[in-house]
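First comes the structure, then the notes that go with it.
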Amino acid sequence: MPKAIRCFFLLFLLFVIVFSFATDLPHSKHGGFFSDESTYYGLIQSLARDGDLRYERADIQRIKEAYWVGPMGIFLKRGADGRIFYAKSFIYPLAAAPFFRLFGDHGILLANGLMLLLALLMGFRLLRQYHPPWPSFLLTLACVFGSVTFIYIWWTTADLFNFFVNFAALFFFFYRFRRPAWGLLAAPLFAAAVFSKPNNALHIGVLFLLLLWRREWKRLIALSLLAALFLGGLLAFNYQQTGEFNYQGGERRSFYGEFPLERSDYTFDHAIRMTADNYWSRWHLSPAIVLYNLFYYLFGRFTGMLVYFFPALFLLLLFAFQEKEREDWFLLAGIVLAILCYVLLMPDNYFGGGGSLGNRYFLNIYPLFFFLGHRRRLFRFLLAPAAAAVLFLSPVYMQPLASSADPRTPGIAFPVRLFPAEKTQYLTLPSNTNPKAFGRSLGADYRLYILNDNYNPIEENAVWTYSDRELEFFLLAPRRVRSFELQLKNIPRANQVFVAVEHKRRTVYIEPGGVRTVSFANVPGLAVDGGYLYALRVRSGRSYCPYFEAEGSRDQRLLGVQLRIQLLY
């Protein structure tokens, strides 16, 4: 290893240590955390302090001593004996618990940072077996720092852990050790990946098929037995603790503000019930949704690989022009199966929900792209991932905490806002984390899902756009719309207003204080579970502030154009 590269890894280790112990995690998260983060944190401290998966009064007391807002949206389940348990996989908390036991909250960040460091080191070592050191080093850096992977160092969720265990498992599976027995470490890592995210079994199963195709019987049997034993041990521990093999089984609820056992009047029954009992009855899939999802998976504004994981597409493009090994086709099959699993089985939330920065579920699949064609890897255009990161992710890297807390930020800023918004994910997009923009009604039978902040407070049956900025939203109608009637009320200035419903666009002139109605007929919408979805945009050419221009007015809003919507069915 060249001296400069060795120095980088030493400096990165120093960064991880200083970052971990210099960061005040509770204050950085403003005294609270939500849903997955709160549940995983609860599991980490419970395993570290009590050695169990049980939720008790001491748990909520410990959590609130550090995080005064509390674990908002924590997932809990009640066992058959009435005891309460955390309703998430405990494998990531189990890995982080020793660090938490030794160093408290700083230990979680230390564990996350060390996972990133080890992934970088393993990636470099793997490529170095077949290629010169500097291209191997630079490509490894590009894959981690040219995506949002690094930002997940802040997150107390299993997403970075899922990236790490999949990456490490592939490393021990493909790396040529002098002592082949080291390769068997892939087995517990495969098991950990499956226990953390069961659908990881798809691409892992493809790797076992590779061994079968190669007729490596001894290695296949050894890896299978070790993985089964490790996975069986995890399931047995969960059963011994909770009385169930499935960590998400049983009666599950989500808690906000009032937590069980915190006070005598706060019980398990007073919470939001979580169930998947009717999943298949409400599961909605069509050829249009499949095609949309495949397109959004690559090019979506809030979830697309091109924006948030550009190195994956870059490596896929390099693979298309290089020599291939037969093992590469198995890896490619694993990638296709894994993506199809998310797109087909989770058509309305293939990316991890509104709190996700990019597609956090993709972190399970991302390592496969790094290993795809690694033996014959091309090293052309290595600056491309850096250029894409500068173009798309500069705001994220300049404000990692803000972007983590408000993951819609990249999607409402230039140039990412130019990408198409994911219509199929309208109920779970990061833009919906703003409650004022989610499912709003203008006094009619439709609902609006606003994608940006370019609007003034919604009135009873109308909305003013903010200044001369473009307001963009989805409209969910209960059935197919025959015609849109958009009434536009102008500011006291001559104005040109742009309106669009799906692909149909129009720019109209409106006199000062005037009103015009614009109609759009026969607009194709997307049939979704619950109705038909349409994308609309409105932009005023000029802005007006009554406070500065109307004598005696106290109205300080920056107004563009007022919009009223009438639908004809």
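The values are calculated or read from the model by the stated rules, or taken from the named source; none is laboratory data. Given the structure is predicted, the values throughout are model-derived calculations rather than measurements. Note: ideal-geometry Cβ built from the backbone for every residue, glycine included; neighbour counts use all protein chains shown.
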What's the total number of residues in the stretch 480-492 that are in contact with a Phe, Trp or Tyr (Cβ under 6 Å, 6 or more places away or on another chain) and either surrounded by fewer than 21 Cβ atoms within 10 Å (Cβ to Cβ) or part of a strand (DSSP E or B) (or both)? 3
Got at least one residue in the stretch 417-428 being over 19 Å from GLY352 (Cα atoms), outside the structural domain of TYR152 (by TED's automatic domain parsing) and outside any loop (DSSP other than H, G, I, E, B)? yes
Would you mind stating whether ARG62 is free of Cβ contacts under 8 Å to residues at least 24 places away in the same chain and either farther than 20 Å from ARG252 by Cα or not polar (S, T, N, Q) (or both)? yes
Scanning the stretch 512-531 residue by residue, those surrounded by 12 or more Cβ atoms within 10 Å (Cβ to Cβ) and either touching a Gly at 6+ places or on another chain (Cβ under 9 Å) or among the β-branched types (Val, Ile, Thr) (or both) turn out to be VAL515, VAL518, VAL523, GLY525, VAL528, GLY531
List pairs: first residue in the stretch 417-443 and touching a residue at least 12 places away in the same chain (Cβ under 8 Å), second residue surrounded by fewer than 16 Cβ atoms within 10 Å (Cβ to Cβ) anywhere in the structure, Cβ distance under 6 angstrom, at least six positions apart or on different chains. LEU442/ASN461; GLY443/GLU460; GLY443/ASN461
Test result for LEU170, of a type outside the set (Gly, Ala, Ser), within 24 Å of the chain's Cα centre (by Cα) and farther than 20 Å from LYS197 by Cα: no
Tell me the residue from ARG380, ARG417, ARG408 that is at negative phi, buried (at least 20 other Cβ atoms within 10 Å of the Cβ) and of a type in the set (Lys, Arg), please. ARG408
Residues being polar (S, T, N, Q), in a loop (DSSP other than H, G, I, E, B) and more than 22 Å from ASP105 (Cα to Cα): count how many of those fall in the stretch 147-201. 1
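Go over the candidates PHE85, PHE8 one by one and state the one that is over 18 Å from GLY250 (Cβ atoms) and either touching a helix residue (DSSP H, G or I) at 6+ places or on another chain (Cβ under 7 Å) or in a helix (DSSP H, G or I) (or both).
Only one candidate passes the filter, namely PHE8.
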Cβ-Cβ below 6 Å, separation at least six or inter-chain, first residue in the stretch 315-339 and assigned by TED's automatic domain parsing to the domain that holds LEU139, second at pLDDT below 95 and basic (Lys, Arg): which pairs? GLN322/ARG376; GLU323/ARG376; GLU325/ARG375
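Among the listed residues PHE163, PHE172, identify the single one that is free of Cβ contacts under 8 Å to residues at least 24 places away in the same chain and either touching a His at 6+ places or on another chain (Cβ under 7 Å) or in the same structural domain as PHE90 (by TED's automatic domain parsing) (or both).
After applying the criteria, what remains is PHE172.
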Residue check: is VAL148 within 15 Å of LEU368 (Cβ to Cβ) and either modelled with pLDDT under 95 or touching a helix residue (DSSP H, G or I) at 6+ places or on another chain (Cβ under 9 Å) (or both)? no
On the given criteria, is ALA222 of a type outside the set (Phe, Trp, Tyr), surrounded by 23 or more Cβ atoms within 10 Å (Cβ to Cβ) and assigned by TED's automatic domain parsing to the domain that holds PRO367? no
So TYR86 passes all but one of these: (1) within 23 Å of the chain's Cα centre (by Cα); (2) more than 26 Å from LEU234 (Cα to Cα). Which condition number does it fail? (2)
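Residue-by-condition table, conditions (1) of a type in the set (Lys, Arg); (2) at pLDDT below 85; (3) assigned to a loop (DSSP other than H, G, I, E, B):
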position	(1), (2), (3)
ARG253	yes, no, no
ARG273	yes, yes, no
ILE289	no, no, no
PHE295	no, no, no
LEU298	no, no, no
LEU316	no, no, no
Is it the case that the stretch 291-303 has a residue that's farther than 25 Å from ASP529 by Cα and surrounded by 15 or more Cβ atoms within 10 Å (Cβ to Cβ)? no
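For every residue, the table says whether it meets (1) within 28 Å of the chain's Cα centre (by Cα); (2) buried (at least 17 other Cβ atoms within 10 Å of the Cβ).
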| site | (1), (2) |
| --- | --- |
| PHE164 | yes, yes |
| ARG176 | no, no |
| SER196 | yes, yes |
| TRP217 | no, no |
| LEU235 | yes, no |
Verdict on ARG219 being touching an Asp or Glu at 6+ places or on another chain (Cβ under 9 Å), within 30 Å of TRP329 (Cα to Cα) and at pLDDT 85 or above: no
Test of understanding: among TYR534, TYR509, TYR547, which residue is modelled with pLDDT of 95 or more and loosely packed, with under 15 Cβ neighbours inside 10 Å? TYR509
